Amino acid sequence: EGEFQIQFHAQGNKFENNIAQSNNNQNLLVYSFVATPPNPAVLDYNLYDAPGGSNGSNWSWIGKDYSAFAKYRSVTGNDAASRFIAPGFSDPAKFDFRLRAGAPAIGGGAVLPLSAIGLFDFAGKPRTDTNGKVDQGAYQH
């Protein structure tokens, strides 16, 4: 299973440079509270994946449901630079979520301030490569 939820009076949040992968076709993104400040979060430069593919994915945003990634993006304006594709993990069956060579997540992240992305990735490697590119997910390749 897998989903990302934004709840309760959210505002000013950023969800960028992430990988969200689900092992079923339940909602990948859920923000269903209708009484909310406008634009509770900025969502972009993410990579999403689920077994049903882009057209079989489910999304909820501010009380409305969308049955495909493209529909969710076009109606909400969210995730304009995000993609729906398998991220290219090294060996997820063994919980190795580093990126293998040529993975789509490599270089796909937005270059954000270091206060947002940090100096180092989850393994302690520099968060940007020698060209200043940022990978999506927790690990820099």
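The values are calculated or read from the model by the stated rules, or taken from the named source; none is laboratory data. Owing to the predicted nature of the structure, the values given are computational and were not obtained by experimental measurement. Cβ placement follows ideal geometry from the backbone for every residue including glycine, while neighbour counts extend to all protein chains displayed. When the accessible area is computed, the model is the full protein with side chains, heavy atoms only, and any ligands, DNA or RNA have been set aside. Shrake-Rupley method; radii C 1.70, N 1.55, O 1.52, S 1.80 Å.
Test residue 39 against the criterion of being surrounded by 21 or more Cβ atoms within 10 Å (Cβ to Cβ), closer than 18 Å to residue 6 by Cα and of a type outside the set (Phe, Trp, Tyr), and give yes or no. Reasoning before the result, please.
On the way: surrounded by 21 or more Cβ atoms within 10 Å (Cβ to Cβ): no; closer than 18 Å to residue 6 by Cα: yes; of a type outside the set (Phe, Trp, Tyr): yes.
Considered against the rule, which asks whether it is surrounded by 21 or more Cβ atoms within 10 Å (Cβ to Cβ), closer than 18 Å to residue 6 by Cα and of a type outside the set (Phe, Trp, Tyr), residue 39 comes out as no.
For the stretch 110-117, state whether one or more residues are surrounded by 19 or more Cβ atoms within 10 Å (Cβ to Cβ), of a type in the set (Gly, Ala, Ser) and under 15 Å from the mean Cα position of the chain (by Cα).
Checking the stretch 110-117: not a single residue is surrounded by 19 or more Cβ atoms within 10 Å (Cβ to Cβ), of a type in the set (Gly, Ala, Ser) and under 15 Å from the mean Cα position of the chain (by Cα).
Just one of 84, 95 is over 14 Å from residue 17 (Cβ atoms), without any contact (Cβ under 8 Å) to a residue 12 or more places away in the chain and of a type in the set (Phe, Trp, Tyr); which is it? Even if it seems obvious, please write down each step before you answer.
Numbers: 84 fails: without any contact (Cβ under 8 Å) to a residue 12 or more places away in the chain.
The match here is 95.
Yes or no: residue 78 open to solvent by 40 Å² or more (accessible area, probe 1.4 Å) and either of a type in the set (Phe, Trp, Tyr) or under 27 Å from residue 9 (Cβ atoms) (or both)?
Details: open to solvent by 40 Å² or more (accessible area, probe 1.4 Å): no; either of a type in the set (Phe, Trp, Tyr) or under 27 Å from residue 9 (Cβ atoms) (or both): yes.
Criteria not met by residue 78.
Give me the residue from the stretch 85-108 that is within 15 Å of the chain's Cα centre (by Cα) and open to solvent by 40 Å² or more (accessible area, probe 1.4 Å) and, out of that set, nearest to residue 127 (Cα to Cα).
The residue in question is 106.
Which residues, taken from the stretch 106-130, are part of a loop (DSSP other than H, G, I, E, B) and in contact (Cβ under 8 Å) with a residue 24 or more places away in the chain?
Taking the stretch 106-130 as the starting set, the residues that turn out to be part of a loop (DSSP other than H, G, I, E, B) are 106-108, 110-113, 118-119, 121-125, 127-130.
106, 107, 108, 110, 112, 123, listed by residue number.
Any residue in the stretch 56-79 that's free of Cβ contacts under 8 Å to residues at least 60 places away in the same chain: show its pairings with residues that are of a type in the set (Val, Ile, Thr) and not in a loop (DSSP other than H, G, I, E, B) at Cβ separation under 6 Å, as long as the two are six or more apart or on different chains.
Final answer for the pair search is 60/30; 61/76.
Out of curiosity, is residue 93 assigned to a helix (DSSP H, G or I) and farther than 16 Å from residue 46 by Cα?
Working: assigned to a helix (DSSP H, G or I): yes; farther than 16 Å from residue 46 by Cα: yes.
So residue 93 fits the description; yes.
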